[in-house]
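A short reminder: the numbers here are calculations on the coordinates, not readings from a lab. What you see is a predicted model; the values in this text were computed from it and never measured. Glycine gets a Cβ as well: all are built from the backbone with ideal geometry, and neighbour counts include every protein chain shown.
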Amino acid sequence: MKATVIAHRDYVISQIDERLYGSFIEHLGRAVYTGIYEPDHDTADENGMRKDVIDLVKELKVPVVRYPGGNFVSAYNWEDGIGPKEDRPTRLDLAWHTSDSNQVGIHEFSDWCDSVGTEMMLAVNLGSRGLDEARNFLEYVNHPGGSKWSDMRIANGRAEPFNTKLWCLGNEMDGPWQIGHKTADEYGRLAHETAKAMRAFDNSLELIVCGSSNAHMPTYPEWEATVLEHTYNEVDYISLHMYFENRAGDTANYLAQNVELDNYIATVSGVIDYVKAKKRSKKQIYISFDEWNVWYHSKEQDKALLAGNHGWPHAPALLEDIYNFEDVLQVGLILNTFIRRSDVVRIACIAQLVNVIAPIMTAPNGAAWRQTIFYPYYFASVFGRGTALNLAVNSPTYDAPVAEKVPFIDVSGVHDAEGKTVTFFAVNRHLTDSIETEFSLAGFEKAEILDHQVMTHADLRAVNTAENPDNVAPRKGSGASIKGDVVSVTLPPLSYQVIRVKV
Ligand code: AHR
């Protein structure tokens, strides 16, 4: 089987916003406690943060981290996480049927962000609370001083404001599971008024309004239209979420699901254009895809805890999906889709970062290691910055229940003009056959292969564990060759590849 890919220097989709490679940490399970924070751990720094985790996060060059939720934020009192630690209350978390000691709050999280070199993206509670708490939180976080809330921040040891630019107006407010769930009109009005108040404080904030929790919600896509009609002039992004699963064990169908993702983005992009036209607006709203990942491996084991059968434990194992090799391919496909739609998806956050449906796992008092999906996220984040190229791809296709005419070869390409590289991220979804693929580079002065990394595995269900952390890992490819401006690579069945070319 053969496929061709043509990249032209001038045929571009968009400059990629580096926040396309963002992530997310929620007060959920062991994401915070025994994830990023474990004061008794051998590697803990002076703030009680695990240095082994900090080092792994740094590898990923995560540009932005959404915090503190997620469903958690919809009943969160941000004031519980400030002030002397011994005075902070333990609260029941209604979203995940656990308790939270509040030993980590905005100060500790911000210090951790500084340690890993990332920016905060904060969510306000529009579930159990509203406009007033949101404006107070904003004043606490961003006002230099001389007011009630900013002076409280200073008294709590932080003289300089945190200066957070990105703010989420609640979380998944379309979901009946959400504490304080609202109709689209109720939420749209509240989000509008909250955004207006936040803008009255600082007009340069970037505000994100909630779109649908997934494309199967009964209110989708009417929700987007209604919410944007209320908020279009006050916000900058609409948030989307999507999780992928292969409960049926159907690999071909599982690996076709990014077609659904593509349709979801296209539909919401259309709704944005519709509301923009209706409002005769010149302003452009973009998508913040601030929760995405594979999530299904842990669902069965979490049922009892979520039903309340274990009381209100602090930081139990929850949503601890152990990812396999098949998920490497899925995460590669999702990231390819975001790169190809970087014209409209400006921000995206893998959900989440540590322990909870995460690329990084830890054992309490023990090791930290890379899950299988760490690698496609790493490659995209590190080498996927620059301009997304509009590739002409010619590949044989297959039909799956979820989509027809799915190309076996799924590819994205990024031109880094400063670094003088073109990077291709390619997935071969064919279950049994290699595909000889030619990547032609047009409009570039020269072409020379810089690097070729391959991920394949004999066992789709292979995982990484503390004992065997490198079972699924990339290796240097040897099969790429170049002739003139054409790179030829044989892509093995069910493989993920990164081909980097100096141009
Ligand atoms: O990321 C896990 C959960 O998934 C989040 O809390 C929620 O927003 C979504 O339903």
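So which strands (runs of 3 or more DSSP E) are wholly in the range 320-395 and hold at least 2 residues that are within 16 Å of the ligand (Cβ to nearest atom), among the charged types (D, E, K, R) and in contact (Cβ under 8 Å) with a residue 24 or more places away in the chain?
none
Count, please, the residues in the range 152-189 that happen to be of a type in the set (Ser, Thr, Tyr) and away from the ligand (no atom under 15 Å from the Cβ).
Looking only at that region, the number is 2.
Do we find a residue being surrounded by fewer than 22 Cβ atoms within 10 Å (Cβ to Cβ) and among the aromatic types (Phe, Trp, Tyr) anywhere in the range 265-287?
yes
Matching residues to (1) within 28 Å of residue 239 (Cβ to Cβ); (2) polar (S, T, N, Q); (3) more than 16 Å from the ligand (Cβ to nearest atom):
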{"position": "40", "(1), (2), (3)": "no, no, yes"}
{"position": "47", "(1), (2), (3)": "no, yes, yes"}
{"position": "55", "(1), (2), (3)": "no, no, yes"}
{"position": "60", "(1), (2), (3)": "yes, no, yes"}
{"position": "66", "(1), (2), (3)": "yes, no, no"}
{"position": "83", "(1), (2), (3)": "no, no, yes"}
{"position": "90", "(1), (2), (3)": "no, yes, yes"}
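With the structure loaded, tell me whether residue 415 is more than 28 Å from residue 246 (Cβ to Cβ) and surrounded by 19 or more Cβ atoms within 10 Å (Cβ to Cβ) or whether it fails that test.
yes
Read through the list (1) surrounded by fewer than 24 Cβ atoms within 10 Å (Cβ to Cβ); (2) under 26 Å from residue 502 (Cβ atoms), then give the number of the only condition that residue 380 fails.
(1)
Do we have any residue at all in the range 124-132 that's farther than 22 Å from residue 19 by Cα, surrounded by fewer than 21 Cβ atoms within 10 Å (Cβ to Cβ) and of a type in the set (Asp, Glu)?
Yes, that holds for at least one residue.
Counting just the residues of the range 487-501 that are of a type in the set (Ser, Thr, Tyr) and touching a Gly at 6+ places or on another chain (Cβ under 9 Å), which one comes out surrounded by the fewest Cβ atoms within 10 Å (Cβ to Cβ)?
Within the range 487-501, the match that is surrounded by the fewest Cβ atoms within 10 Å (Cβ to Cβ) is 488.
Collect the residues in the range 56-68 that are touching a helix residue (DSSP H, G or I) at 6+ places or on another chain (Cβ under 9 Å) and either surrounded by 22 or more Cβ atoms within 10 Å (Cβ to Cβ) or not in a loop (DSSP other than H, G, I, E, B) (or both), keeping them in residue-number order.
Correct list: 56, 57, 58, 59, 60, 62, 64, 65, 67, 68.
Quick test for you: out of 191, 155, pick the one residue that is surrounded by 15 or more Cβ atoms within 10 Å (Cβ to Cβ) and either small (Gly, Ala, Ser) or on the phi > 0 side of the Ramachandran plot (or both).
Step by step, each of 191, 155 is checked, and only 191 is surrounded by 15 or more Cβ atoms within 10 Å (Cβ to Cβ) and either small (Gly, Ala, Ser) or on the phi > 0 side of the Ramachandran plot (or both).
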